[in-house]
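For reference, the structure is listed below as structure tokens.
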Amino acid sequence: MRNSSADQLILETLGVQKSHLTSHQIYEGVHLRLPALNPSTVYRALDRLVSQGKVTVSDMGLGAAVFELAGEKPHHHLVCQGCGYITMIADDQIAPLMETLEKNYHYKIKTNHLVLFGLCEQCQQNH
Ligand SMILES: [Zn+2]
Ligand SMILES: [Zn+2]
């Protein structure tokens, strides 16, 4: 089995769902299209896409890492630990922080999908 087809199917699965999927959910999506692919091939292809920067991987507090298409522009999230609501943050609010950190710590930051945990406005009132 050629690697490129596994890569392609993973990117298509993530593109169609347009959300954060666990590696298992991605495998299931790919498996529906091409049952001959074995899980280790899919997971290896997924790792490769992450290291190429085409797919982001994050901990969103769901118990398993989630993957998403990197897309043209990075985006980030606030995740409410009360109700689980996920808010999207545009990169222009995070980019200046990343630049400051890179400058101050002489780092090249590779995180392209930042997830911050907290409580949403609603949940703050309920606590
Ligand atoms: Zn995301
Ligand atoms: Zn909440």
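A short reminder: the numbers here are calculations on the coordinates, not readings from a lab. All values reported here derive from a predicted model rather than from experimental measurement. Neighbour counts run over all protein chains shown; Cβ positions are idealised from the backbone, glycine included.
Numbers for the structure displayed
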read-out	value
q = 0.14, 0.24, 0.27 Å⁻¹: log10 I(q)/I(0) that the Debye formula gives for region 3-69, counting C-alpha atoms only	-0.33, -1.01, -1.28
Projected label distance in nm at Phe117 and Arg33, using a 7 Å step from Cα toward the beta-carbon	3.3
Furthest towards positive pole of dipole, Ser5, Ala65, Ser51, structure part region 3-69, Cβ charges	Ser5
Unit charges on C-beta of K, R, D, E only; dipole of the chain, Debye	400
Tyr43 versus Leu62: modelled label distance in nm, points set 7 Å from Cα along the beta carbon direction	1.8
Efficiency of FRET between Leu78 and Gln125 - r from beta-carbon atoms, R0 25 angstrom, step 0.05	0.90
Per-selection Kirkwood Rh - region 75-126 (Cα, Å, 1 d.p.)	12.2
Solvent-free Debye scattering, log10 I(q)/I(0), computed from the Cα coordinates of the chain at q = 0.11, 0.12, 0.18, 0.20 Å⁻¹	-0.46, -0.54, -0.99, -1.11
Peptide ranges 37-49, 114-126 listed from the most packed, as the mean C-beta count within 10 angstrom indicates	37-49, 114-126
